[in-house]
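Trainee: Can you read through this structure? Questions will come right after.
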Amino acid sequence: MTAAFDFKQYLRERRADIEQALDADLPRPPACPPIIADAMRYSVLAGGKRLRPILTLASAEAVLDHDGADPKLREAGLALTMPAACAVELIHTYSLVHDDLPAMDDDELHRGKPTCHVKFDEATAILAGDALLAQAFEVLATSGAEPSIIARCCSELARAAGACALVGGQADDLAAESLPADLDLLKSIHARKTG
């Protein structure tokens, strides 16, 4: 008989694994200026549900978990998936840092804490967001996966974060502030920004 699946425990364990991997993936001084390292860490390690990276890992598990699966291959596959999960979260955090800026949504709090531009300053927040975007691709590129897989992952992530998806959704969100309510536009914005 198979034990009951504890979803809350699964989320806690995966979140802890992701937090540890994110902490290891972030640059530290003297490799980068302390102010940028601090702003990146502040933004990434500020908490959160980590749903995007958990979904990335769960997708890999769904493929790797089957009758007769070799446990060693499963663990190796999940280890290679963690960089992709972290890259997704780094992109998400970069988008939040930039979204909170005065020129965008001008938020002063995020998850009950001062936003990056409030805690540090606007220029540091912009640079930290830029660095998180670049770090996501560095994490993928140095993951140890086969080069063809790395290239495909980088391509997919760039597409999802680019002008036709995340950035385009943000641009439409800003433009929609001066337009009449439009449900189709709202759905499009959320599909690109959140999805």
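Trainee: Compute, for H190, the solvent-accessible surface of its heavy atoms (probe 1.4 Å) with the complete set of protein chains present, and express it in square angstrom to the nearest 10.
Mentor: 100
Trainee: Same structure again: Give the distance, in whole Å, between the Cα centre of the range 59-83 and the Cα centre of the range 119-147.
Mentor: 26
Trainee: In the structure shown, do any of K8/K119; K119/K187; K119/K193 have a Cα-Cα gap over 29 Å, and if so which?
Mentor: Details: K8/K119 32 Å; K119/K187 32 Å; K119/K193 24 Å.
Listed pairs above 29 Å: K8/K119; K119/K187.
Trainee: Leaving out ligands and nucleic acids, and using a 1.4 Å probe, what accessible area per residue does the range 149-195 come to in Å²?
Mentor: The answer is 65 Å² per residue.
Trainee: With θ set to phi - 60°, apply the Karplus curve 6.51 cos²θ - 1.76 cosθ + 1.60 along the range 69-74 and write out the HN-Hα couplings as whole Hz, x wherever there is a Gly or Pro.
Mentor: The phi angles translate into 5, 6, x, 5, 5, 4 Hz.
Trainee: Can you give me the three principal axis dimensions of the range 118-162 from its C-alpha atoms, in Å, biggest first?
Mentor: Each principal axis gives a Cα extent; for the range 118-162 these are 40, 21, 10 Å.
Trainee: Next question. Ignoring everything but the protein chains, give the 1.4 Å probe accessible area of L140 in square angstrom, nearest 10.
Mentor: Its heavy atoms expose roughly 10 Å² to the probe.
Trainee: Keeping all protein chains in place and using 1.4 angstrom, which order do E13, E19 fall into by accessible surface area, from largest down?
Mentor: Working: E13 90, E19 50 Å².
Sorted descending by solvent-accessible area, the residues read E13, E19.
Trainee: Once both axes come from the Cα atoms, what is the angle between helix 183-193 and the longest principal axis of the chain, in degrees from 0 to 90, rounded to 10?
Mentor: 60
Trainee: Once the Cα gyration tensor of the range 49-174 is found, what semi-axes does its equivalent ellipsoid get, as square roots of 5 times the eigenvalues, in whole Å, sorted largest first? Don't skip to the end; give the middle numbers.
Mentor: Values: eigenvalues 201, 45, 35 Å².
Those come to 32, 15, 13 Å.
The values are calculated or read from the model by the stated rules, or taken from the named source; none is laboratory data. Computed from a predicted model, the values in this text were never measured in an experiment. To get the accessible areas, we keep the full protein, side chains included, count just its heavy atoms, and leave off ligands, DNA and RNA. Shrake-Rupley method; radii C 1.70, N 1.55, O 1.52, S 1.80 Å.
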